[in-house]
Structures are given as structure tokens and as C-alpha cells.
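All remarks here apply to the structure that follows.
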Amino acid sequence: MKVPFVDLGAQYQSIKTEIDQAIARVITETAFIGGKYVEQFEREFAELYGVKHCIPVANGTDSLYILMKMLGIGPGDEVITVANSWISSSETISQTGAKPVFVDIDPDYYSINEALIEAAVSDKTKAIIPVHLQGQVCNMEAIMEVAARYDVPVIEDCAQSHFSEFRGARAGTIGKAASFSFYPGKNLGAYGDAGCILTNDDELALKCRMYARHGALKKHQHQMEGINSRLDGLQAAVLSAKLPHILHWTAQRIENAAKYDSRLSAIKEIVIPKVRPETRHTYHLYVIRTERRDELAAYLKEKGIETAVHYPVALPNMEAYQYLGHHRDDFPVASSYQHTILSLPMYPELTGEQIGYVCDMISAFFRQ
Ligand SMILES: *Cc1c(COP(=O)(O)O)cnc(C)c1O
């Protein structure tokens, strides 16, 4: 049996007619940039989230950058984020001219350790970017509390947490603003690059919209210089075609995780994901931990099972951040987990049979 890490083809086959029709409409109407399909998606996504503004942008990296720029973050400032994430979370801080300040991860939940944030705050801190990694929501109560005390905005990086919840509130609706990615492999994925910003702040929304469109809300009326970061019509149409299914797909991910849990919890050599109380984990990734990570990954590969590591090098340990002069022991949890975490195949269309096979092979590995 073959178990791919993700299977975007399976999802396409399940809604082929809707997708094909949506794409054909955009092409027939040549609604390639801007236009009604982009407007439709931004309206639908904002409504689904119950948030006032959705600003569609080119990808989930631009959305972070645009938000920070429009919050006035720049040279001399510091922004706090987490030591284990995709590099977008920190490189966009540098792009504004500010300095990324890393905080270690929580040993149980893999996201930013909220207890360590206060020690990272300085008089230069201009924002906190918690990343709801793997689909698991950070402790937003504690984070909002520290942010309020120091009067800094919180930008939620929701690239991996579409429809995750913290105490009944959706991730992305709790901070000042949120950044989403619709990269094809994300829980809600386009057929190319795509992203958006969500916020209830009217002024911030207007600025972000303007900045992403060369500083102009109306053609040729540039109120400032901006950048070109647009969601295109084809991507918007694909996303709109997927929206009616997204809550069901999210539920399927959670069911698949429960199946993994029930089979894997008995294997004492591995640690299965622990869900933060009063939250909804949406399993962008299903991450286990084992001291024999590389051996296990190689064994599974031999058995036709694809796995991945998110991420093999914690951000402060990367060559790109050597200039910050960090030592691995500054982030002991992230630095040690980069050698033990393993992401198992996870997507809505994963079958019970496939999950059973993955679990069988993991058990076999530890019994040999
Ligand atoms: C994917 C991802 C991004 C970037 O999104 P792109 O659309 O690929 O630019 C940002 N942050 C995190 C945590 C991500 O996983």
C-alpha cells in the first residue's frame, strides 16, 4: 500500500466538476485579476469567519509583511515570534527592517510558550506574532493578556489553522489581525499561491488593501507607494468552490487524528499530539515525537509511507539567523524537538485502511 503525505489529487477528484466549472467561468469571462470572483471570495471568507474585513493578497507571507508595514513596524523595532515555524513568520519581520525576537516552544503543544513571552518584551517590541502551528491554537488568553499589558498588537499567523478554535473563538478572530495562507497544501488550499488578511479594524484594513494594490484604492490615485500583492481570479474561484466543503474536510481531519490517536497511544516509544484544553485542533499536521525519528521515517518510506518534518531546523538555528548570535541552548525545546518530531500523512481523504496501515507499520518498527 502507498500512503502519500498529502493527496491533493484525491480532493480534486471529489469535487472535479465544481472546480472545472469555476475555472472555466473565470477564463471565459477573463476575470483574471481583481473582479467579481475575488470580491465574492473575500465576502464569503469574511462572512464565514464573522469578521468585518478580508483583504485578499498574493500569499500568506505577504499578508504578514503587509500587516506589519501598515502597523508602522520598521527599523529599530522588535517583533516577537516563535522559534519553530515556517520562515515566513520571521523573515517578514526582517523585511520591514525590524528584528525578529524568538521565543521557545511549549513542550506539550509545540506552539509559542506563552510563559516566556514577557521576558522577550523590550521597549522596542512593536508586535507579537503567535503561530498556530500544525492546526493547534496558541494560548491566546495569556498572549492577549501580555500584549495588552505592554500595549502591542497581536498578529495571528493562521497559515496552518483554518477553522481552529480557542474557547469557541476561531483562530484569526482574537488578535488585532490575522494572516492566512491558501498555499495548495494548507487546510484550505488554492491551486497556486494565495493568502488573505482578516481584521475587524477599519483603518488597518483600508491601509492594507491600499498597500497591497500599489498604494491605490482607485486606479491611478496612489495615496502612497505600495506593493503588488493580488489574489487572482482563478485562485479566488477555486477557493470559493472549496468553501462549501471546508468544514466537512476539517471534521474529517479531526476524525483521522482520532483514529491515529486510538491506535498509536499504546506505543510507548512515541508521543502523540496533545490537544490544548478548550481548543479545536484542526490537524494541518499530525505530529508525533520519537527518539528514533530518522530510523522510523526511513522504515516507513520503505513501506510506501511518506512522512515529513516540520521543521528540521528551528528558526534561530538556521544559517539565515546566525547574525543574531543565538546558541541552541537559548531555545532548548525547539532545538531538541527538531530531531524528534515527525509529521505523519494527514489529509481529509485519508482512508481508515491507510491510517491502519501506517499504524501497523509504526508498531512493527518498534517491535522489530
Ligand atoms: C505556509 C506558511 C506561511 C506562508 O504562506 P505562503 O502562502 O506559502 O506564503 C506562513 N506561516 C506559516 C506558519 C506557514 O505554514
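Tabulated values for the structure
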| quantity | calculated |
| --- | --- |
| Counted residues, the range 8-20 - those being exposed (fewer than 12 other Cβ atoms within 10 Å of the Cβ) and more than 26 Å from the chain's Cα centre (by Cα) | 1 |
| Qualifying position, being farther than 18 Å from L217 by Cα and surrounded by 24 or more Cβ atoms within 10 Å (Cβ to Cβ), among G60, G50, G72 | G60 |
| Strands (runs of 3 or more DSSP E) wholly inside the range 1-109 containing at least 3 residues that are under 30 Å from P273 (Cβ atoms) | 78-82, 99-103 |
| Residues being under 14 Å from the mean Cα position of the chain (by Cα) and either surrounded by 21 or more Cβ atoms within 10 Å (Cβ to Cβ) or outside the structural domain of I15 (by TED's automatic domain parsing) (or both) - total across the range 191-226 | 5 |
| Residue within the range 256-264 that is within 16 Å of the ligand (Cβ to nearest atom) and at pLDDT 95 or above present | no |
| The range 110-143, subset farther than 17 Å from A178 by Cα and not in a helix (DSSP H, G or I), residue farthest from the chain's Cα centre (by Cα) | D123 |
| Exclusive hit being within 18 Å of the chain's Cα centre (by Cα), on the phi < 0 side of the Ramachandran plot and at pLDDT 95 or above, set I305, I246 | I246 |
| Which numbered condition L243 fails, given (1) among the hydrophobic types (A, V, I, L, M, F, W, C); (2) under 20 Å from L188 (Cα atoms); (3) touching a Ser or Thr at 6+ places or on another chain (Cβ under 9 Å) | (3) |
| Which numbered condition D104 misses (of (1) under 27 Å from G189 (Cβ atoms); (2) more than 14 Å from the ligand (Cβ to nearest atom)) | (1) |
| Where E114 falls short, out of the listed (1) within 15 Å of the ligand (Cβ to nearest atom); (2) under 30 Å from R289 (Cα atoms) | (1) |
| Qualifying helices (runs of 4 or more DSSP H) (wholly inside the range 251-368; at least 3 residues being small (G, A, S) and surrounded by fewer than 15 Cβ atoms within 10 Å (Cβ to Cβ)) | 352-367 |
| Close pairs (8 angstrom Cβ cut-off, 6 or more residues apart or separate chains): in contact (Cβ under 8 Å) with a residue 24 or more places away in the chain in the range 264-291, in a strand (DSSP E or B) and among the hydroxyl-bearing types (S, T, Y) anywhere | P273/Y286; L285/S343; Y286/S343; V287/S343 |
| Residue identified as at pLDDT 95 or above and within 16 Å of the ligand (Cβ to nearest atom) among S90, S122 | S90 |
| Residue in the range 67-74 that is within 16 Å of the ligand (Cβ to nearest atom) and charged (D, E, K, R) present | yes |
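Residues checked against (1) surrounded by fewer than 18 Cβ atoms within 10 Å (Cβ to Cβ); (2) free of Cβ contacts under 8 Å to residues at least 40 places away in the same chain; (3) in contact with a Gly (Cβ under 9 Å, 6 or more places away or on another chain):
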{"site": "D151", "(1), (2), (3)": "yes, yes, no"}
{"site": "V154", "(1), (2), (3)": "no, yes, yes"}
{"site": "D157", "(1), (2), (3)": "no, no, yes"}
{"site": "A169", "(1), (2), (3)": "yes, yes, no"}
{"site": "G172", "(1), (2), (3)": "no, no, no"}
{"site": "G175", "(1), (2), (3)": "no, no, no"}
{"site": "S179", "(1), (2), (3)": "no, no, yes"}
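The values are calculated or read from the model by the stated rules, or taken from the named source; none is laboratory data. Since the structure is predicted, the reported quantities are computational estimates derived from the model, not experimental observations. Positions of Cβ are backbone-derived with ideal geometry, glycine not excepted, and every protein chain shown enters the neighbour counts.
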